[in-house]
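**Q** Sharing a structure below in structure tokens format, with a few things to ask.
The values are calculated or read from the model by the stated rules, or taken from the named source; none is laboratory data. Fair warning: this is a prediction, and the values are worked out from it, not measured in the lab. Positions of Cβ are backbone-derived with ideal geometry, glycine not excepted, and every protein chain shown enters the neighbour counts. For the accessible areas, the whole protein counts, side chains as well, though only heavy atoms, and no ligand, DNA or RNA atoms are used. Shrake-Rupley method; radii C 1.70, N 1.55, O 1.52, S 1.80 Å.
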Amino acid sequence: MPAHAPTPNPLDHERTHLAHSRAALRAMREDVQSLDIKDVTANWVNAAVLQRQIDDRIKALADLSHTPLFFGRLDYLHAPGADLAEGAGGERFYIGRRHVHDADGDPMVIDWRAPVSQPFYRASKKDPLDVSLRRRFGYTGGELTAYEDEHLMDATETARTSKLLQAEIERPRVGPMRDIVATIQPEQDEIVRSGLSGSVCVQGGPGTGKTAVGLHRVAYLLYAHRDRLARTGTLVIGPNKSFLHYIEQVLPALGELEVKQATVDDLVASTGVEVRGTDPAEAAVIKGDARMAEVLRRAVWSHVTTPAEPLVVVRGSRRWRVPAYELATIVEELRDRDIRYGAAREALPQRIAHTVLVRMEQAGEAPDDRVQDAVARNTAVKAAVKAIWPPVDPAKLVLRLLNEPAFLATHAEGILTDDEQKAILAPKPARSVKAAKWSAADAVLIDETNDLVARTPSLGHVVLDEAQDLSPMQYRAVGRRCTTGSATVLGDLAQGTTSWATASWAEALRHLGKGDAVVEELTAGFRVPREVIAYASKLLPSISPGLAPVESVRETPGSLDVRAANTPAELDAAVVAACEESLAYEGSIGLIAADARIPVLTKALEAAGLPHLDPGEETTATSRLTLVPASLAKGLEYDYVVLDEPAAVVDGEPDERTGLRRLYVALTRAVSGLTIVHASPLPPQLAL
């Protein structure tokens, strides 16, 4: 190159690669759109399935203008997998959310989940993993505007915190939750890429990224085990609809469109009963106790009776007699096989018919399978089966347990105390399943009974978020959905806000049926500013002794502001003023308050001319303030949070520990700043 030629601008080179990559992605999408399936499908069913797969592929190849196609670059010293002794030259890879190749099939962007991409998250000065250069890219509105280099093998270059990485973590949050694929940390990546065969439990305090880790783990598993999970299915379980709406765009942004989402209430809705009632806290805790599983098991199997009369089967002019003791032996054998009640009931007529066929053969006849099936359908056999092993309707059985003291006492003897039995009995017995005012805990009991009668189908992988709030019986309901699969359990023991919140992950995993799951702890905080998390952590000794506090990597001076008001009227005005101040900044604003305070604050905001959203409604550039009841704040995050009257949040719960845990959740929703406004004294723990 001549001496007077200008030095090439690396940013121009990268922008050119971005433009070519976008063109290649468009070509990939157009290739799929042009597919003609008329001559390759045998019938309309196959055609519909194939067309749906094509439509999903087209959606997955969409170029999202405001989403960077690639966010990093790796320059390897040697070609990955090459024999280093041969002196093979290095290779360059651009790391992005999905794979993109050119017309010749050569990769232009490598999927972040591919093995060759892993060093982008794991490489360091101490262990460069054969990476000579790691480059991060900065974007503004989808346009590549900056880059940042780390020469991992250059001993003269000191390790430093990436400013682009920090900026991406702190980028204002408007709209639903976004992926963290560009900012995954080494300890998070290790969990994300753990294998499908084992279950993982992630204990993580506020802002440690546990939800994002769980979602990215699903995306990784679908990449690494797509065929298997396509057959068995995946499911993400969240605490409520608002939370699921908040996270629902993360996986589609990573090209994964088939993952279903649900709450635990959704899972047990298949019981067919309508939840219209609520339980007192004491009753809910008992109904959610794992001991109820044994009560239900006893009640179901109590329907099986020991035969007292022989069975006579008439076929033509012959009568075949099966003595009562032989029937009893068949029944005991089926009970000892440890199979579902319904499966054993279906097997009983065939076992009886087989005994009759043996009699026939001993008498010189030569019956075949058709004769056995005919005997199994014989009127006398069907009558005997109905008497010995009657069908069980799960909803009717649970209704009977909760309405008939004697029936409950029989099957709860030695399991529940007399007082516990009284606590779960309906105060006013219902006449029928439809008339009963079922609670959410009742629906879980029916789901358990359903599984005792007929096995619940298992998925390949289940992600359970905010798991600390589930009861033992709810854990069992989730565990039934992944008996032959694996699970990713996410939660924070300090944020357990139900009366039945789990005390330890070992206990929770045992109820889930995943006692061998590996428990990982995330303690590095990337979301909540250091001042804010340190303030909230004052509550930890009271709400979860022994739990390690989160160490935030983000130091944001001035991110915490505590303001006192003198009167309730001043409180409302001060809260509105704090919201107005927060709206002067970029990003989303959450006004979090005790549930009982929501109507008052709604009026105050309306009087001030401040429109607001409800949780679950999507924030936009022009509508950024959300009024959040404290009971729905878990799992959500906002750039700026205004917290109304902490004492009211605590007082809104049935006991102090639960109230302080609810307050801990509310205190830790902020990404950039937290303003606390109070008229009543703050909880003494926060004054320490």
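**Q** Give me the pairs, please: first residue somewhere in the range 383-411 and part of a loop (DSSP other than H, G, I, E, B) and modelled with pLDDT of 95 or more, second residue anywhere and open to solvent by 20 Å² or more (accessible area, probe 1.4 Å) and not aliphatic (A, V, I, L, M), beta-carbon distance under 6 Å, and either six or more positions apart or on two chains.
**A** What qualifies is Trp389/Arg345; Pro390/His303; Val392/His303.
**Q** Could you list all residues from the range 317-346 that are surrounded by fewer than 17 Cβ atoms within 10 Å (Cβ to Cβ), of a type in the set (A, V, I, L, M) and closer than 21 Å to Leu452 by Cα?
**A** Of everything in the range 317-346, those that are surrounded by fewer than 17 Cβ atoms within 10 Å (Cβ to Cβ), of a type in the set (A, V, I, L, M) and closer than 21 Å to Leu452 by Cα turn out to be Ile339, Ala343.
**Q** Return yes when Leu539 is open to solvent by less than 50 Å² (accessible area, probe 1.4 Å) and within 28 Å of the chain's Cα centre (by Cα) and no when it is not. Even if it seems obvious, please write down each step before you answer.
**A** On the way: open to solvent by less than 50 Å² (accessible area, probe 1.4 Å): yes; within 28 Å of the chain's Cα centre (by Cα): yes.
So Leu539 fits the description; yes.
**Q** Give the residue that is nearest to Ser680 (Cα to Cα), with candidates limited to residues of the range 632-656 that are in a loop (DSSP other than H, G, I, E, B) and open to solvent by 40 Å² or more (accessible area, probe 1.4 Å).
**A** Gly652
**Q** Something else now. So in the range 412-447, with the set limited to residues that are touching a residue at least 40 places away in the same chain (Cβ under 8 Å) and among the acidic types (Asp, Glu), which one is most open to solvent (accessible area, probe 1.4 Å)?
**A** The extreme case among them is Glu420.
**Q** Follow-up question, since we're still on this one. Anything in the range 110-165 that is open to solvent by 60 Å² or more (accessible area, probe 1.4 Å), among the β-branched types (Val, Ile, Thr), farther than 17 Å from Thr67 by Cα and within 34 Å of the chain's Cα centre (by Cα)? List them, or say none.
**A** Of everything in the range 110-165, just one residue is open to solvent by 60 Å² or more (accessible area, probe 1.4 Å), among the β-branched types (Val, Ile, Thr), farther than 17 Å from Thr67 by Cα and within 34 Å of the chain's Cα centre (by Cα), namely Thr161.
**Q** When you go through Gly288, Gly233 one by one, which is the residue that is of a type in the set (Gly, Ala, Ser), open to solvent by less than 50 Å² (accessible area, probe 1.4 Å), at pLDDT 90 or above and on the phi > 0 side of the Ramachandran plot?
**A** Of the residues listed, the single one that is of a type in the set (Gly, Ala, Ser), open to solvent by less than 50 Å² (accessible area, probe 1.4 Å), at pLDDT 90 or above and on the phi > 0 side of the Ramachandran plot is Gly233.
**Q** Kindly indicate which of Gln362, Gln372 is among the polar types (S, T, N, Q) and out of contact with any helix residue (DSSP H, G or I) (no Cβ under 9 Å at 6 or more places or on another chain).
**A** Going through Gln362, Gln372 in turn, the sole match is Gln362.
**Q** Sticking with this one: Filter the range 61-75 for residues that are touching a helix residue (DSSP H, G or I) at 6+ places or on another chain (Cβ under 8 Å), of a type in the set (Gly, Ala, Ser) and surrounded by fewer than 16 Cβ atoms within 10 Å (Cβ to Cβ) and give the result.
**A** Passing the criteria: only Ala62.
**Q** Quick one: which of Thr183, Thr161 is of a type in the set (Ser, Thr, Tyr), closer than 21 Å to Lys126 by Cα and modelled with pLDDT under 75?
**A** Thr161
**Q** Identify, by number, the condition in (1) open to solvent by less than 30 Å² (accessible area, probe 1.4 Å); (2) part of a loop (DSSP other than H, G, I, E, B) that Gly364 doesn't meet.
**A** (1)
**Q** Restricting the range 195-217 to residues that are of a type in the set (Ser, Thr, Tyr) and part of a loop (DSSP other than H, G, I, E, B), which is modelled with the highest pLDDT? Step through it out loud before you land on a result.
**A** Of all residues in the range 195-217, those of a type in the set (Ser, Thr, Tyr) come to 197, 199, 208, 211.
Next cut, part of a loop (DSSP other than H, G, I, E, B) only: 197, 199, 208.
Working: Ser197: 90, Ser199: 96, Thr208: 90.
Taking the candidates together, the pick is Ser199.
**Q** Scan (1) open to solvent by 70 Å² or more (accessible area, probe 1.4 Å); (2) over 18 Å from Glu294 (Cβ atoms); (3) within 48 Å of the chain's Cα centre (by Cα) for the single condition Ile388 breaks and write down its number.
**A** Here Ile388 meets the rest and fails (1).
**Q** Looking only at the range 602-622, filter to residues that are small (Gly, Ala, Ser) and more than 28 Å from the chain's Cα centre (by Cα); which one of those is least open to solvent (accessible area, probe 1.4 Å)?
**A** First, pick out the residues of the range 602-622 that are small (Gly, Ala, Ser): 604, 607-609, 616, 621.
Filter once more, keeping what is more than 28 Å from the chain's Cα centre (by Cα): 604, 607-609, 621.
Numbers: Ala604: 22, Ala607: 92, Ala608: 44, Gly609: 57, Ala621: 86 Å².
Going through the qualifying residues, I end up with Ala604.
**Q** Which residue pairs have Cβ atoms under 9 Å apart, sit 6 or more places apart or on different chains, and have a first residue in the range 93-108 that is under 22 Å from Asp130 (Cα atoms) and a second that is open to solvent by 30 Å² or more (accessible area, probe 1.4 Å) and part of a loop (DSSP other than H, G, I, E, B)?
**A** Phe93/Pro80; Pro107/His99; Met108/His99; Met108/Asp102
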